[in-house]
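Below is one structure; the comments refer to it alone.
Rule-based calculations on the coordinates, nothing more; no lab input. All of these numbers come straight from a predicted model, not from anything done at the bench. Virtual Cβ from ideal backbone geometry, glycine too; neighbours counted across all protein chains shown.
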Amino acid sequence: MIESTMKRIEALLESADQMDPVRRQELQKLLETLKDEVRILAESNQEEAESIAGFTGLTTHEVVRKSPDPKLVSISSEGLMASVEGLEASHPRLVSAVNALCTFFSNMGI
């Protein structure tokens, strides 16, 4: 399920023609890092990994829409941040990747 979710996220980015190419490339890089860390988590905790991938997909979907809704971006970003709570000690790189991604979304000014 994680792989299909990540592929769906990649497809969303590919079709986001309205997004600035530099920002899209930066987002792709952040998502690559996150994908690697989610795979590592999935080895020990599949459910948590699926939640993180799912919230990443929701947030990315909201951000790349032609007319993003700031409220939905905020709600889905909060869910993404909540999905890594408690993983700071065991998966610090994953938490760092999610923080970087949420900061990126926040800085988009949506």
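List of remarks:
- The set of residues in segment 85-109 that are part of a helix (DSSP H, G or I), surrounded by fewer than 16 Cβ atoms within 10 Å (Cβ to Cβ) and either free of Cβ contacts under 8 Å to residues at least 12 places away in the same chain or not charged (D, E, K, R) (or both) comprises Pro92, Ser96, Asn99, Ala100, Thr103, Ser106, Asn107.
- Pick from segment 16-61, criterion touching a residue at least 40 places away in the same chain (Cβ under 8 Å) and over 20 Å from Val84 (Cβ atoms), ranking: surrounded by the most Cβ atoms within 10 Å (Cβ to Cβ): Ala16
- Test: residue in segment 13-23 that is under 11 Å from the mean Cα position of the chain (by Cα), under 18 Å from Thr103 (Cβ atoms) and assigned to a helix (DSSP H, G or I): no
- Screening Ala49, Ala82 for residues that are in a helix (DSSP H, G or I), under 17 Å from Glu32 (Cα atoms) and among the small types (Gly, Ala, Ser) leaves exactly one candidate, Ala49.
- A count restricted to segment 62-84 and to residues that are of a type in the set (Asp, Glu) and buried (at least 20 other Cβ atoms within 10 Å of the Cβ) stands at 1.
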